[in-house]
Amino acid sequence: MPGRNLKSEKLKPAMTFLFNSDAARGQVFRDILARELPDLPFSMDAASVDPDAVRYIITWTVPPDLSRYRNLEVVFSIGAGVDQFQAAKIPDHLKIVRMIEDGIIRMMQEYVTLAVLALHRNWPTYILQKQSEFWNSLPPVQAADRRIGILGLGSLAQASFDRLKPFGFPLSGWSRSPREIEGVRCFHGESGLRTMLSETDILICLLPLTDDTRGFLNADIFRQLPQGASLVQVGRGQHLDYEALLSALDSGHLSGAVIDVTDPQPLPAGHPLWKHERIIITPYTASVTQPQTAAVAVANNIKRLRAGIDPIGLVDRQRGY
Ligand code: NDP
């Protein structure tokens with residue numbers, strides 16, 4: 001037909017959601033987004049999608065060819081953190097949104113509670129004693145005398161406090177800006193950190209990984225904790241100076257650690273962290289995005305964006321989280 005422009009006739013959806021992660025979770029996202037946002041085209045196939053139609057992408061790492069999506073508006077992280085994005089690779093005009101969803105929160109509540117109770121009730125010692133068939137009961141410490149401190153007072157720390165409160169542990173937390181949380185002594189700034197560390201028996205790291213927090217769990221931090229304190233490391237592997245941790249454990253200043261994240265991941269065979277008898281290691285399994293709840297959270301965020309409201313979990317590029 002004269003004048004017919006085949007290119008313009010190509011079916012171009014108004015905006016497409018591109019799912020760039022594993023297919024099993026993608027199927028769940030597909031179904032839930034179809035229910036929540038029936039007008040939003042969905043694709044799991046970066047190779048065949050019209051790049052100009054893509055407005056939203058959800059991914060774990062930044063695709064090397066991100067610039068081909070010329071109408072992209074939002075990059076959603078499939079995980080709670082965004083450190084893996086190296087935000088400099090994402091053009092400034094794009095919104096970056098991290099994952100805040102009920103499944104991640106619930107799993108982190110379980111993990112933190114489990115780790116705190118295991119340390120509080122001396123399980124690392126009892127696991128060792130079992131290996132040598134040694135029956136020996138340690139003096140019990142009451143929850144009211146076991147002080148818990150969390151580095152970071154974000155969504156996961158606050159949810160973890162909710163689970164810990166009923167046990168009666170004295171609770172503290174530290175953040176960048178001042179916070180108020182019922183039942184939690186909140187600290188901020190350098191002097192606040194010093195005070196909290198000096199009064200913390202179980203220290204939990206729930207910080208995001210940024211330029212300010214890389215290597216944060218170091219000899220200086222461990223030195224400020226009381227004798228016999230222990231660590232729960234659920235932030236990111238690069239927060240931890242593992243040699244400093246091993247020294248603090250070997251000297252007896254720290255009594256144990258539960259570690260879910262390492263650098264590198266997976267932790268290679270033969271790494272000293274594997275071998276230390278007072279360290280419990282889990283393979284980055286504390287909390288995992290649950291597609292059923294995550295898809296609902298993303299759908300709600302797209303509805304907010306359409307209404308001109310900032311999405312929940314919008315990353316502040318200056319702060320890096
Ligand atoms: P949020 O962004 O909600 O909270 C981060 C908190 O850390 C805020 O309270 C913030 O302070 C504080 N913070 C950030 N930088 C500093 C700093 N330089 N000094 C002092 N405080 C600081 O994060 P989430 O609670 O959602 O998640 C926390 C982290 O947990 C993730 O970034 C990730 O690293 C980790 N994670 C680990 C998982 C696992 O399976 N192991 C799973 C999911 C998350 P302020 O309140 O002032 O902004």
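Observations
- Helices assigned as whole DSSP H runs in the chain whose Cα atoms extend at least 24 Å along their own long axis and whose mean Kyte-Doolittle hydropathy is -1.0 or higher are found at 102-120.
- The chain - mean residue ellipticity at 222 nm from DSSP helices (-39,500 (n - 2.57) per run, n ≥ 4, rounded to 500): -9500 deg cm²/dmol
- Considering only the Cα atoms of the chain, their convex hull presents on average a projected area of 20.0 nm².
- Neighbour counts of other Cβ atoms within 10 Å put 42, 134, 187 in the fewest-to-most order 134, 42, 187.
- The phi-based Karplus calculation (6.51 cos²θ - 1.76 cosθ + 1.60; θ = phi - 60°) puts the 3J(HN,Hα) values of the stretch 136-151 at 8, 8, 7, x, x, 9, 7, 3, 5, 9, 10, 8, 10, x, 10, 7 Hz, whole numbers, x for Gly and Pro.
- Alpha-carbon centroid distance for the pair the stretch 129-208 / the stretch 16-92, whole angstrom: 36
- Footprinting exposure proxy ranking of 120, 271, fewest other C-beta atoms within 10 angstrom first, gives 271, 120.
- Taking amide H positions as modeled 1.01 Å from N, with prolines and chain starts lacking one, the residues under 5 Å from residue 280 and 5 or more places away or on another chain are 257, 258, 259.
- Relative exposure of 28, 315, judged by other C-beta atoms within 10 Å (fewest first): 28, 315
- Taking the inverse of the mean 1/r over every pair of distinct Cα atoms in the stretch 103-281 gives a Kirkwood hydrodynamic radius of 16.5 Å.
- Within straight-line reach of residue 89, meaning a Cα separation under 17 Å, sit the following aspartates and glutamates at least 8 residues removed in sequence or on another chain: 65, 73, 211, 316.
- Considering only 91, 139, 124, the Gaussian network model of the chain with Cα springs below 10 Å gives its largest mean-square fluctuation to 139.
- Theoretical FRET efficiency, 1/(1+(r/R0)^6), r = Cβ-Cβ of residue 316 and residue 129, R0 41 Å, to 0.05: 0.30
- Residue-by-residue Karplus 3J(HN,Hα) for the stretch 281-287, coefficients 6.51, -1.76, 1.60, Hz, glycine and proline x: 10, 10, x, 6, 10, 3, 8
- Within the stretch 75-127, the ratio Rg/Rh, alpha carbon atoms throughout and Rh by Kirkwood, equals 1.25.
Bear in mind that the values in this text are calculations on the coordinates, not laboratory data. Please read these numbers as outputs of a predicted model, since none were measured by experiment. Cβ coordinates were reconstructed from backbone atoms using ideal geometry, including for glycine residues, and neighbour counts include every protein chain displayed.
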